[in-house]
Amino acid sequence: MAKDIQVKDGAKLSKRMYKNRVALSDDVKKQVVDEMSKTLAASFDVYSQAKFAHWNVKGLNFYQLHLVFDTVAKTVFKQVDPIAERITQLGGVANGTVRQAAATSEIPAYNVEALNGPEHLTALADSLGKYCGLMREVSEKIDDLGDKPSADFFNQLIVDAEEELYFLESHMEAGNVQ
Ligand SMILES: [Fe+2]
C-alpha cells in the first residue's frame, strides 16, 4: 500500500499532497488540510443525520419538523462541496466518500431510537452543535497556523450552521434562560 494511504475503520484515506502556488509552506498546507478534513467528514455525517430526522420524525408537529429538518440538511449539504474544494485548493485530497466520512467523523452517532419531535430535535441539535463547535475549533487552529483566508471561509460556514442550530433550539428552549 502506498505510504500516503492510511486506513481507518476499514476506510482508506489518501494523505497525498499536491504542489501548488498557494503562498503557504508545504507544512502549513498539510496541517490546514488535516484540520479541514475533520469538518468534511462531519458535514456529510450531520447532513445524513438531518435527513434521518426529516424522514423519521413522528407526532403532531410532524410536518413542520419534517420541513425544519430538511432545511438543516440542505444548509449543511451546501457546505460539503466548498469544504472539499477548499481542501483540494490547498493541495490535499478530499476524502469525502460516505465510507470515509463514517470512519473519521467526530460527530456522535445519531440517536436512532428517537421517535417524536422533542427527541429528534435534541438528537439533531446535539450533532449540529458539535459540528458548529468543531468548525470553530478548526477555524481558530487554521488562523493560528497563519491561513486567515481559510479561517474566514470557515467563519461564514459557522454563521450559517449556527443559524440552523438557533432554529432547532428555538423549538426546544422556550423559557430556558441563563
Ligand atoms: Fe424529503
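Rule-based calculations on the coordinates, nothing more; no lab input. Note that this is a predicted model, so its numbers are computed, not measured. Quick reminder, even Gly has a Cβ in these numbers, built from the backbone with ideal geometry, and neighbours come from all protein chains shown.
Observations on the structure shown:
- Residue exposure sequence - Thr97, Thr39, Thr104 - by fewest surrounding Cβ within 10 Å: Thr97, Thr104, Thr39
- Loop-located GluC sites (Glu not before Pro) in the range 95-151 whose Cβ has at most 16 other Cβ within 10 Å (DSSP): Glu106, Glu113
- Nearby aspartates and glutamates by direct alpha-carbon distance to Lys12 (threshold 13 angstrom, same-chain neighbours under 8 apart not counted): Asp4
- 10 Å Cβ shell holding at most 13 others, DSSP loop, trypsin sites (Lys or Arg not before Pro): longest site-free stretch of the chain: 22-178
- Net length gained if the chain between Val112 and Tyr18 were fully extended (0.36 nm per residue, minus Cα distance): 29.9 nm
- Contact order relative to length of the chain, as percent, for alpha carbon pairs under 8 angstrom and 6 or more apart: 27
- Counted by Cβ distance under 13 Å from Ala151, the other residues give a net charge of -3, where Lys and Arg count +1 and Asp and Glu count -1.
- Summed side-chain charge close to Tyr47 - residues other than Tyr47 whose Cβ falls under 10 Å, Lys, Arg +1, Asp, Glu -1: +2
- Listed pairs Lys58/Lys141; Lys3/Lys141; Lys29/Lys51 exceeding 31 Å between Cα atoms: Lys58/Lys141; Lys29/Lys51
- In this simple spin-label approximation, Leu60 and Lys74 carry label points 7 Å from Cα along the Cα→Cβ vector, and these lie 2.8 nm apart.
- Calculated mean residue ellipticity, 222 nm, the chain: -24000 deg cm²/dmol, from DSSP H runs (n ≥ 4) at -39500 (n - 2.57) each, averaged per residue and rounded to 500.
- Neighbours of Glu137, meaning other residues whose beta-carbon lies under 15 angstrom from its beta-carbon, give a summed charge of -4 when Lys and Arg score +1 and Asp and Glu score -1.
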